[in-house]
Structures are given as C-alpha cells and as structure tokens.
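Worksheet: one structure, shown below.
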Protein chains: 2
Amino acid sequence: MAPHPSLTPQNILAAHALIKPYIRETPVLTSKSLNALASTPQSPEALIGTPFEGQKPADPKLNFFFKCENFQRIGAFKARGAFHALLRLVEREGAEVVRGRGVVTHSSGNHAQALSLAAATLSIPATIVMPSTSSPLKIAGTHAHNPRLLFSGPTSQEREAVVADVIKETNAFLIPPYDAVDIVLGQGTVGVEVERQVGELVVGREPGLSVHVHGKKEREGGKGQLLDAIITPLGGGGLTAGVATWFSDKPGTRVFGAEPAFEGADDCRRSLETGERVRFVKSTTIADGLRTPVGEVPWGVISDKSRVEGVYAVSERQIREAMRLVWERVKVVVEPSAVVPLAVALFDEGWRGMVERVCAAEGIEGWDVGIVFSGGNVAVEGIGGLFTKD
Amino acid sequence: MAPHPSLTPQNILAAHALIKPYIRETPVLTSKSLNALASTPQSPEALIGTPFEGQKPADPKLNFFFKCENFQRIGAFKARGAFHALLRLVEREGAEVVRGRGVVTHSSGNHAQALSLAAATLSIPATIVMPSTSSPLKIAGTHAHNPRLLFSGPTSQEREAVVADVIKETNAFLIPPYDAVDIVLGQGTVGVEVERQVGELVVGREPGLSVHVHGKKEREGGKGQLLDAIITPLGGGGLTAGVATWFSDKPGTRVFGAEPAFEGADDCRRSLETGERVRFVKSTTIADGLRTPVGEVPWGVISDKSRVEGVYAVSERQIREAMRLVWERVKVVVEPSAVVPLAVALFDEGWRGMVERVCAAEGIEGWDVGIVFSGGNVAVEGIGGLFTKD
C-alpha cells in the first residue's frame, strides 16, 4: 500500500503554519548523563534470555535530543493533530456547518483531551465517548474543556456503538485519533520543529548545553542532515507516519518507530514481518497510549521502507527503566508511552548493533538521535506502583 | 546587620559572565491551568484551622513564570554558586595553589554534587563530607564526579569535625553551601536570567505560550519591571539573598522567601519577627533542602526590608499538594523544596491577601510572579510515599 498522496513535506509545513497560533513550540532538552549511558555497552548479563545472549554487547555512540511534547498543550502531541483536523474541517465545510453538526470521537486518553480543547477553542460542539475505565486524570482533563462527555464499555465495539448513535442523532463529524490524513499531517509538525531546534542548538545558541555532533554535518561540511535518526512512539501510527512524511525528502535522517512488546502490542513490527497489517491488539502494556493497532493511513507510510527504516519493540521492564532514567536525569514528567523510543536506543541490542554497523560502514563516530517524548499525562498516585513492581 | 558591601547587582552580572560557560540557561515555563487555579479564591474550608478561618478567601490574580533550575546541571541551582566560588578562588589564589591544597565541604544534598562537579571541571581535588544518612541518589550523584568522599554522622557537629580533620591534614579551602559572598553572588545569577527571559516571553517570541501581563509594564508604558514579584525557596538563604541582590535596584519587583513551617523550619520568618537570627533548626520537613538555618551573610540581605519584602511559610500538606500540581500540570520533576514558593502563592492566605490589597491600592489587575523551581533531585522510588501518606 502506497502512502496517501497528500502526505508530503509541503503539506506538513502548511499544517504547521495553520496550527502554530494554537500550539506550543515545545523545548528540546539534552542530557550528558544519558548520552554517556547510551554510549556505553550494556552488560553481558543484560542480554541473557534475549536473542543476543552470549554475543559481545553493541557499542554505538549516541547523542540525544529530546523533543518534549509532554509540555504540549493538554500534555501530549495529540493537540497538533486535533487542531489541524478541526481547522481543515472548518475550511472545507464552513464554520457554520461544523458548528451546527459538531464533532465526535472516542478515546480513552490524550486524543479526547486534545479534541475537546481544540473544539472549545474554535467554538465547535464536541461529543467525546470515553470508556468508563479511563484514568480519572484523563477524564478530568477532558471534562475541563466542557465537551459533551459520554461513557461506554471498554471494548472498541462498545465505544463505536455509542459514537454511531451520536452520529445518527446529530450528524456530527467523526474526528478519529490517528487514522486520517489531516491528523497525520498535524502530528508531523513535530518534525518541522525538532529539525530547526536541533540546528539552533548545534550552532551554539545555548552554550551551557553540550552539543557534540558526531554525524553527517561534520563530514559533509554542514550540508547533510543534523539528525542522523529520529525515533517516535508507535501506537496507531499517526506520529510516526507524520514525522516520517516530514523527513521523507531528507534521507540523511532515518525514522524509526518504537513499540511495547508486551502481549502483542508490537503489532506494527509483526505487520512489517508478514507484510500484512495486524488489525486487532489486546494488550495491557503500561505504555497505555500504544495499545492500539496501527491504522490504515499511517500504515501506508510506515510500510514504505524508504520512509520508515524499521520498527523495534521493548519489554515492560525496559520501559520502566527508561522512565526512571528520564525522571531522574532529564527531570521531566513523562508517561510510559513517551519513553519507549529511549528504551529502544538504550536497551534494544538489535537497534544498537545496527547503529554501530552503520557508523562503521560510513566511517562516522556516532549518531545524533531525536527522541520524541510524546506525552506526560500520568497521575502521581500511580507512580509509586510503576517503580516498585517488576 | 547591613548587607555585605560586595552584594551588588553589578557583581551579580560579573558572576553571570564568569560562570556562563559552565552552567545551563534553564528554561522558563508557564501554565495556564496553574494561573487559573491561583487566580481563584480558596474554598472557605481550606482556611479552617488557620488564622484566616471564617474570613472571605482572598482573590488575587496571578500569572506565573517558572524558572526551572531543576534542569540546571546536577539538577539544582547550587551549580551556580559552586562554580562561582571556585572560579573566584582560583582568581585570588592562583590555580596552582588551589589545586595543591584542594577544596572541602560538607553537605547532604545538592551542594555536594555541585561542588564535586565544579571541582572536577576545573581539575581541583575535592573532599566531600556527607552524612551516611544522605539519600542514595544524592550520594551516587556526588560520587559520579569522583571526589574524595568521606562519610560522617548526621549532626552538624559530626560533619564539621570531619571537615576540620580534612583541613588540618590538607589545608584545603572550605567552600560553604550558602554562607559566603561568592556563593550568594553565584545564586543571584538566577535573577539575571529570569528577568531577561520573562521579557522575551512577554514580547511574544514564543507565540504558543499565553503570556498576559497584568502589572506595571502595561501601566507605565513598558518602563516598569516585568515581574511584580519573585518568590524563592529559603533554607540557608543563599538563593533568596542572591536574587534579592539582583533586584535591589529594581524596586518594581518585590522579592519573597518561602519556607516550610514544619518543626520550626520557618526559622527565617521567626528571625524576622524578633530581629534576632535563629541559629539552630532541627526539622524533618519533606522539603529537605530547607532544613538549615539561614546563614549570616544571607541574613544581612534578607533582614533588609528594602531588599526582601517578606518571608512566608507553608505546611507539609501544602507542599505535597503543590508538588502534585507541578508534576501533573507543568510536567517537570521537582523536589519538595522546589515547590515551597508555589505553595505560598497558591495556599498562603496572608500572602494572597497582601497581593490583593496591593493590587487594589495600585489600581492594577494582578501580579506577574516569578517562581524559582530550585531543584529536581528526587528518587522515583520515594514518590509513591510522598503522595500516599498525609
């Protein structure tokens, strides 16, 4: 399946111009201690029980740039796609029609908050269907923007039945969380910002930040891409597909997706292996934003090897350890889904070995890697539990 | 007691120029939802059991700018003072002498990490005396910079005895955590940055951040100070005294100190009441960075009403609630000491009523308030406990 023809870097730039007044340009942070940790081989013991047991641990050199979408409005990148989808809908249908019919979605998480914020901002009536099992923090965050809030049972079928009733009743426009071109274009604006921000850091605007470029820029006299790679969390695939679209004409920057492996949540990785998109996932991974199967529109991008280099998956233990490191070293509050890319870079021997081999083949010292911290919506009461059980 | 004559805004600017290559310019963040919460009166129930019980809750309008020193190197503002003190010591004594004799300090917390980083950076041998009861995270953070690490019993006397032995043996220079002019000047550089950064935010360089100036700037056609007030945590007093020194020639910006009240940790507030500096504190407040009594050099500044407008103290429950709000709404990891100023602004009816009265008297809508998040060194394992006990 080919990428949708509207998924172009030009359209991502246009999306960015459109949503800019409504979103935050979130900061990019760095961490010397995480760079040092990532640039040290794992212990041989860490590989026991994996396919890499007994092999020499990989020794890549990595330099991270953390794009902090946990500071985005509503605490996650989802605000980008929701604003973009609504602004385009108003362009196409006219404000009066959209305000008359309203919009509807179902979501247990950040998309619910994002759509209710965007709809409230643009004075569009919104109906949000949330499973009654959603976290109280996310229900409260959604409620704060005063949408019409309906609760359903937890399964997809139960949620969709309530949405179908709403559409029947009000003729509302459905704004899906990831499986739509305008959503993908909105999420891709993360790529626009991170690319420019890393450039600003590297030319030394912030002298206190130790930025050390290993990669292409030094070799090619500043003509190559600043980032050798970027890794995004991958659930429904909107963020990965959007970022990959932005970098699709910048082949110096490789794009990777990161999934939890637990209970089959690595559906996209498995889909790529067979070439057949897995359509159903039922996982209780702590990375709760990544429990959904990859959508059809994102899959068109992600299954295109020239756009997405690969998808890697990590264990629950690795996600927890990455989360601890981000909290303690980077000092930002991230939700479990947000650290899955860092867990890949720190702990996935397949990925780390690949980086080492590519660097050796290209004669470069290491990679500068963008890591998207996708969100920070986690209730503090739950945190103790995350770090004590194992 | 008058402020030490070297404590001038000019000397703080000079300190900033000196330490700039070694520290980070930490970001300033804002939060619409915390502004809204702070600009809503507390419930009458929240005042029960306080001197304000039965009164109408105050209704100030507040707009916060959070200076995130939790992102500073070693995770706290203490890096500023430590680098400044060492760089000045080298200027005065010569690098050879300082490297020959080395430096020594005792600290259970962030100053230990800060001094060991600064000493390692400047190739100066450092001996750090830590109580063996210090948190494992802070011991590990100190150890990472390879100082000579000695452990002592927990009391001041036991720590000081070990330091005295070290000085006797090596003739090392003592670098105290707060009670020294060069330390105060270093910490004051927080003021230089936050003033400029708020100016940049207000002129709209970051369109996504909603910055709404209530205060003097609008009234006086841009000639007044951007910040109506700044509140800093107050333990030994180095940060408060430094920031107050920076703003001492900018009377439009009022400086406040914030302490925990628990078990007498509000020593500086009590000292101001009697005019006599309290020299001994023994408190187990969760704001562990603020358990120390105010030092003599800081006291010279803080007891000068023209420099520090007032010191306020909050309860353990209020500190925990402020911490939860910062984690959940601002998405940054802060240690309990770091949120004491926000707790004052949100929950201290004395401070809130004062703001309301000043605004009414001056005919302004509300205050723009700088809040220093002083550090973020907290182990994730302890977090569950902080939020479940009450």
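Here B:Met323 sits with roughly 0 square angstrom of accessible surface, probe radius 1.4 Å. Peptide A:373-383 has a mean of 4 when you count, residue by residue, the C-beta atoms of other protein chains within 10 Å of its C-beta. List the aspartates and glutamates whose alpha-carbon lies under 14 Å from that of A:Lys305, not counting same-chain residues fewer than 8 positions away? Reachable aspartates and glutamates: A:Asp249, A:Glu273. What residue among A:Ile48, A:Ser132, A:Pro27 has its Cα farthest toward the positive end of the dipole of the protein assembly as shown, where the charges are +1 on Lys, Arg and -1 on Asp, Glu, each on the Cβ? It is A:Pro27.
Roughly how many Å is it from the Cα centre of the range B:293-325 to that of the range A:327-390, as a whole number? Going from one Cα centre to the other spans 38 Å. Heavy-atom accessible area with a 1.4 Å probe sorts B:His4, B:His145, largest first, into B:His4, B:His145. For a 25 Å ceiling on Cα separation, which of these pairs sit above it: B:Lys250/B:Lys331; A:Lys250/B:Lys20; B:Lys78/B:Lys282; A:Lys138/B:Lys331; B:Lys32/B:Lys250? Table pairs above 25 Å Cα-Cα are B:Lys250/B:Lys331; A:Lys250/B:Lys20; B:Lys32/B:Lys250. Measuring only protein heavy atoms, the 1.4 Å probe finds A:Arg73 accessible over about 50 Å².
Centre-to-centre, using Cα atoms only, the range B:114-191 and the range B:35-55 are separated by 42 Å. The two copies A and B are related by a rotation, and the chain A beta carbon nearest its axis, with distance in whole angstrom, is A:Gly384, 1. Rounded to the nearest 10 square angstrom, A:Arg277 shows an accessible area of 40 square angstrom against a 1.4 Å probe. Using helices alone, what [θ] at 222 nm do you get for the protein assembly as shown, with -39,500 (n - 2.57) per DSSP H run of 4 or more residues, divided over all residues and rounded to the nearest 500? Counting only the DSSP helices, I get -12000 deg cm²/dmol.
Taking every full run of DSSP H in chain B, the ones that stretch at least 18 Å from end to end by Cα along their long axis and average -0.5 or higher on the Kyte-Doolittle scale are B:78-93, B:156-170, B:189-202, B:349-362.
The interface between chain A and chain B buries about 2700 Å² of solvent-accessible area in total (1.4 Å probe, ligands and nucleic acids excluded). Each label point was placed 7 Å from the Cα along the Cα-to-Cβ direction; for B:Ser39 and A:Glu53 their separation is 6.0 nm. Mean per-residue shielding of peptide A:331-337 is 5, counting Cβ atoms of other chains within 10 Å of each Cβ. The residues of the range A:77-174 present an accessible area of 43 Å² per residue when probed at 1.4 Å with all protein chains retained.
Considering only beta bridges that DSSP places wholly inside chain B, some 10 percent are antiparallel. The portion of the accessible surface of the range B:1-79 made up by carbon and sulfur, rounded to a whole percent, is 60 (1.4 Å probe; DNA, RNA and ligands excluded).
Solvent-accessible surface of protein heavy atoms, probed at 1.4 angstrom with all chains present, puts A:Arg279, B:Arg317 in the order A:Arg279, B:Arg317, largest first. If you run the Gaussian network model on chain B, springs between alpha carbon atoms under 10 Å, then out of B:Leu62, B:Leu185, B:Leu89 the most flexible one is B:Leu89.
The values are calculated or read from the model by the stated rules, or taken from the named source; none is laboratory data. Model, not experiment: these values are computed from the prediction. Methodologically, a virtual Cβ is constructed for each residue, glycine included, from the backbone with ideal geometry; neighbour enumeration extends over all protein chains shown. Remember, those area values only see protein heavy atoms, side chains included, never the ligands or the DNA or RNA. Shrake-Rupley method; radii C 1.70, N 1.55, O 1.52, S 1.80 Å.
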